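Structure record follows, encoded as structure tokens.
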Amino acid sequence: MDLELLIDALVAGLLLGGFYGALSLGLAIAFGLLDVPHIAHPAFALLGAYGAVLMQGWFGLDPVLSGLILALPFYALGVAVYSFYHTTFERRGTDAGLRGLAFFFGVAFVAEVILILLFGIDQRGVRAPYIGRALVLGEFRLPWRMLVASGVALAIAGAMALWLSRTYVGRAVQAVAQDATALSLLGADPVRVKRIGFGIATASVALSGALLVVVGPVEPGLARIYIGKVFAIVVLAGLGSVGGTVLAALLLGVIESVMLSSPVASWTPAVAFGLLLAVLGLRPQGLFGR
Amino acid sequence: MRSWVRFAAGGLVVLLLAALAARWLANDYLFFAAFVVLQFVVLATAWNILGGYGGYVNFGTGAFVATGAYAAVALQKLADLPLPLLVLAGTAAGAVLGSALGLLTLRLRGIYFAIATLAITIILETVVLNWDYVGGARGITLDRPHEDPFFGTYNRMLVVLMAGMAVVAVGIARWVGVSAFGRALSAIRDSEDAAEACGVPTLRRKVQAATLSGAMMGAAGAPLPLYLSFVDHTAAFGLNYAVSAMAMPMIGGTGHWIGPVIGAVLLGTAQQAVTVTISSEVNVLITGLLLIGFVVAAPRGILGWLGR
Amino acid sequence: MDKGVLGRRAVLATSFGATLAAPLVARSQPAGSPVRIGFSIAQTGTLAAGGRPSLLARQLWMHDVNARGGLLGRPVELVFYDDQTSAATSPAIYAKLLDVDRVDLLVGPYGTPVQAPIMPMARQRGKLLFGNFSFRANEEMRYDRYFNIAPFGATPDAWPGAFVRLAHRRGLKRLAIMVADAEGTVTLGAGARETARSLGMEVVYDQRYPFNTTEFSSVLRAVRSARPEAVYVGSFPNETAGIVRSVAEIGVGSSVQLFGGGMVGLQFAPLLESLGDAVNGLVNFQTYVPERTMEFPGIREFIDRYAVAAKAGGVDVLGFYLAPFNYAMGQVLEAAVKAVGSLEDEALSRHMKSAEFETVVGKIAFGPTGEWRDPRMVQVQFQGVRGTDVEQYRQAGRQVIVEPPELVSGELRMPFERARR
């Protein structure tokens, strides 16, 4: 592979990785910090994507703007889902993990069928001035939609990092990950903290879902493709670290991109997930974990 | 001991009925449907050994089925081995995969094992896609006999074989349920730390359970290519395997060996019936809703209603 | 082998919807026990986009044949189930069709792998099997009661080779092949490679990318750096959309004269609608387009009637690729049953091997493996497409036939970067 192609692949990979980061940040909180096995996370992102499609059809809104607006109802959705999850599974103890996983798996499955029933299996896309154009920098041509996706991803990451470190609830969410009992001794209700945290995580999913449809058209089965990727990123990152999640996402993006422009392109999926297995076996605290 | 005699007698009756039906019933369709349902009895029972008894979720049933199926395909192509050896090879391949995944991730919390099973599904599918010897992306047509000297057609013989495997699988699950091994798994499910403190070698027991479960799934996968006389990655890695093998024990009840059997027979039959009466979409929806409904409202499955 | 773009809606308010849900029974004047035609057809799964138009066309034929008095004076009934586009479900369905529903005539599923397990079943029962666009399905088995309604022909390169021959005829020497790592596209890539080798063209890039890749910038950069003159693309609808978008953004380089060949999805209205004028310049396969060289008797009327029914049912409104051929399948069966005077598989097969059939897609004659004796896959170039309205494709000149020579209906525009504008 010549140098120019390699640089091209690296740049494209960073952009792709930024987008993966946006998809993974919500899960980094929901699963990494709050310990909810949210297998349905990409399915929720897909709901956000279809939301953006609908909002454009009804009001002609820009998809990213739609994502920001949808963040509000998604926050409520997240709060509702967590409350339900808590009363049904967490409080029952013993094999909550098993049933929780099965529950979210079922939710993802049902969400897909409902999307099919509502929208058909047609691909749905959106229009925006930054879709289908490229930024030309000398020899380099960078698709604007990828630039937008990774830019928004960085914004989400920055906002989350600030929220986690600067606000009371954010700090409490981090604390709940370490020691829920200690937190309750300090007078904070861990369930309330987790509810808000899950709400925020789900709100970010609305925005990343909008990015999903900016990057390419969506169809109801799309979420499945991303389940493995987002969990790989969150685990690679070391649970719950915002910076680590972004780094892991960029790493996955670059690996995929370089592989895709190499002579062994068809092995790309195996390499990304082989890395995940290796990390699970050798360094389960994640590449960037403590 | 007497209960074992009864179980063995029951198993024999099931097998005998299957054989008699295969010999004399005219309708081939029943056998095609029965193959699928019996395969799910094995898969759900296998899933439950690790998932129900041990509390470790496997999302990769499809990967195990495919491992068994492709082990059989490769050996059939390589050496044209007889069917029992192909099933044995599928069993061994499934066992190896189960123990490898177990050793890799069972030291960690359960969710990591679940994620690893998702990852291994994608990795193995990529391997199959790039492995032209077993057909790669195009799939492979198998050269196998269509007649069977005793049962008439080869597929009927496969149904009897699958019935035998179901009886054996359920027998194993039944044994696990009452053995010290099974009690160790239950202790692990309830509290891993407590089990460790009580002297249970948790890692070893978990790896053993993963190996056993994987072996049974691999065995159930081995006859698949012969049954279809063709196999490709979409058929072998089908998502329905992952969902149904989990949903069936959840619906039937995970605590007892009969739970997965009840779930597999009910849900498997319903899926077959819905496919040819209403539509596949509804089929998928029903499976998903039943899974959610049972985990939320009836955590002990149908057995919970029956008060067992 | 097409992966689906086109929609399925399980809940349809129309009468067409009701027929999707359960085996369909329609009766008119003809009397007696119905002639039952059985098949599975993808209503869900990756191939549903092609399954739906196929089914609708068969239903139109059923309506017509019953209005004409049915087959052998008996009404025709279609018995069908959804196979979810999976080879794991089709054997049980066909066993049910044969043993429980006791259908008289058997039609294959849509999708080559889905049909694969059915071939040995049909042979074992001695049933005539009419395939619906399965590719190279009977090459090895050579079952003498198998027929395919698709105009692929028996030679492996007839379909993918057309693009390569076009490139060769235009004096292009450097070919790139990029295909999805999936059934169908891999087969297409192999055909393109074989043809290139036999014509002495140099293959400068030959890669499979993972199925369901979403972002194609990296792949296209690698293709561009190989400086090909023609790029053969085998892709499924999701990827076709991604590739077309990436081409618009980052280009494929000035060396490329021809681009396309095996892009699935451009045959169906939903993808054309979402891509709009970004398709201009692409050269790609088709089976039928409304160009002056393909004006078969009855085709216009059929396409118009189909469009009305498709709009009501939420199915692909254009239906060029599959629908006319599935209607023709009915016409072939109708003519054969009439000529033979019975539903007997052996006699029907013998007749179909020797006779020539007049259909809405022209004259059809079958060769020894049941494929069309004279293959008729065309390569079209998208030209002058404006906006996203798919109704414009009903005019001639939007999908100009550029291969094979005897069907050419317009000028091929090259190089690719100029043809795109």
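The values are calculated or read from the model by the stated rules, or taken from the named source; none is laboratory data. The shown structure was predicted, so the numbers you read here are calculated from the model rather than taken from an experiment. We place every Cβ from the backbone using ideal geometry, glycine too, and count neighbours over all the protein chains shown.
Computed values, structure above
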| read-out | value |
| --- | --- |
| Matching residues, the range C:144-174, being farther than 20 Å from C:Glu194 by Cα, out of contact with any Phe, Trp or Tyr (no Cβ under 9 Å at 6 or more places or on another chain) and either in the same structural domain as C:Ser198 (by TED's automatic domain parsing) or surrounded by 19 or more Cβ atoms within 10 Å (Cβ to Cβ) (or both) | C:Arg145 |
| Answer from C:Ala248, C:Ala269 - the residue that is touching an Asp or Glu at 6+ places or on another chain (Cβ under 7 Å) and within 12 Å of chain A (Cβ to nearest Cβ) | C:Ala269 |
| Residue check, C:Leu128 in contact with a strand residue (DSSP E or B) (Cβ under 9 Å, 6 or more places away or on another chain), aliphatic (A, V, I, L, M) and away from chain B (no Cβ under 14 Å) | yes |
| Flag for B:Ala163 being in contact (Cβ under 8 Å) with a residue 40 or more places away in the chain, more than 24 Å from B:Gly135 (Cα to Cα) and not aromatic (Phe, Trp, Tyr) | yes |
| Options A:Asp35, A:Asp62: the member that is at positive phi, surrounded by fewer than 24 Cβ atoms within 10 Å (Cβ to Cβ) and in contact (Cβ under 8 Å) with a residue 40 or more places away in the chain | A:Asp35 |
| Where C:Leu71 falls short, out of the listed (1) farther than 22 Å from C:Ser134 by Cβ; (2) among the hydrophobic types (A, V, I, L, M, F, W, C); (3) at the interface with chain B (Cβ under 8 Å from one of its Cβ atoms) | (3) |
| Elements of type helices (runs of 4 or more DSSP H) in the range B:197-308, at least 2 residues being within 14 Å of another protein chain (Cβ to nearest Cβ) and surrounded by 24 or more Cβ atoms within 10 Å (Cβ to Cβ) | B:202-221, B:224-228, B:233-236, B:239-252, B:258-277, B:280-297 |
| Residue match in the range C:252-263 (condition: within 12 Å of chain A (Cβ to nearest Cβ), more than 26 Å from C:Gln399 (Cα to Cα) and not β-branched (Val, Ile, Thr)) | no |
| Checking C:Leu106 against (1) without any contact (Cβ under 8 Å) to a residue 40 or more places away in the chain; (2) surrounded by fewer than 23 Cβ atoms within 10 Å (Cβ to Cβ), the condition it does not meet | (1) |
| Options B:Leu86, B:Leu43; residue that is more than 14 Å from chain C (Cβ to nearest Cβ), of a type outside the set (Gly, Ala, Ser) and assigned to a helix (DSSP H, G or I) | B:Leu86 |
| Single match in A:Gly132, A:Gly93, A:Gly120 (criterion: at pLDDT below 85, surrounded by fewer than 23 Cβ atoms within 10 Å (Cβ to Cβ) and at the interface with another protein chain (Cβ under 7 Å from one of its Cβ atoms)) | A:Gly132 |
| Condition broken by B:Thr105, with the remaining ones in (1) touching a residue at least 12 places away in the same chain (Cβ under 8 Å); (2) at the interface with chain A (Cβ under 10 Å from one of its Cβ atoms); (3) crowded, with 23+ Cβ neighbours inside 10 Å; (4) not basic (Lys, Arg) satisfied | (1) |
| Output for the range C:173-198, where each listed residue is in a strand (DSSP E or B) and more than 22 Å from the chain's Cα centre (by Cα) | C:Arg174, C:Leu175, C:Ala176 |
| Scope the range B:169-185; condition small (Gly, Ala, Ser), buried (at least 18 other Cβ atoms within 10 Å of the Cβ) and farther than 10 Å from B:Arg205 by Cα; matching residues | B:Ala169, B:Ala173, B:Gly177 |
| Criterion (touching a residue at least 12 places away in the same chain (Cβ under 8 Å) and either of a type in the set (Phe, Trp, Tyr) or surrounded by fewer than 24 Cβ atoms within 10 Å (Cβ to Cβ) (or both)) met by exactly one of A:Gly244, A:Gly274 | A:Gly244 |
| Which listed residue, of C:Val317, C:Val332, is among the β-branched types (Val, Ile, Thr), under 30 Å from C:Arg421 (Cα atoms) and surrounded by 19 or more Cβ atoms within 10 Å (Cβ to Cβ) | C:Val317 |
| Of all residues making up the range C:84-108, the number that are under 18 Å from B:Asp28 (Cα atoms), part of a loop (DSSP other than H, G, I, E, B) and more than 7 Å from chain B (Cβ to nearest Cβ) | 4 |
| Residue among A:Glu139, A:Glu219 that alone is buried (at least 17 other Cβ atoms within 10 Å of the Cβ), within 14 Å of another protein chain (Cβ to nearest Cβ) and of a type outside the set (A, V, I, L, M) | A:Glu219 |
| Filter result (under 12 Å from C:Phe39 (Cβ atoms) and surrounded by fewer than 24 Cβ atoms within 10 Å (Cβ to Cβ)) within the range C:79-102 | C:Val79, C:Leu98, C:Asp101 |
| Residue that is surrounded by the fewest Cβ atoms within 10 Å (Cβ to Cβ), among those in the range C:36-58 that are outside any helix (DSSP H, G or I) and either at pLDDT 95 or above or aromatic (Phe, Trp, Tyr) (or both) | C:Arg36 |
| Answer residue from the range B:120-153, given it is modelled with pLDDT of 85 or more and touching a His at 6+ places or on another chain (Cβ under 7 Å) and is farthest from B:Asn58 (Cα to Cα) among those | B:Leu129 |
| Any hit, the range C:337-345, residues being assigned to a strand (DSSP E or B), within 21 Å of C:Leu78 (Cα to Cα) and not aromatic (Phe, Trp, Tyr) | no |
| Residue list for the range C:372-388, restricted to those being more than 19 Å from C:Leu412 (Cβ to Cβ), at pLDDT below 95 and buried (at least 19 other Cβ atoms within 10 Å of the Cβ) | C:Pro375 |
| The lone exception for A:Leu277 - which of (1) closer than 17 Å to B:Asn130 by Cβ; (2) facing chain B (nearest Cβ under 9 Å); (3) not acidic (Asp, Glu) it fails | (1) |
| Test: C:Arg292 is basic (Lys, Arg) and within 12 Å of another protein chain (Cβ to nearest Cβ) | no |
| Long-range neighbours under 8 Å by Cβ, at least six apart or interchain, first residue away from every other protein chain (no Cβ under 12 Å) and in a loop (DSSP other than H, G, I, E, B) within the range C:199-217, second surrounded by fewer than 21 Cβ atoms within 10 Å (Cβ to Cβ) and among the basic types (Lys, Arg) | C:Met201/C:Lys173; C:Met201/C:Arg174 |
| Matching residues in the range C:59-95 - criterion: being at pLDDT below 90 and of a type in the set (D, E, K, R) | C:Asp82, C:Asp83 |
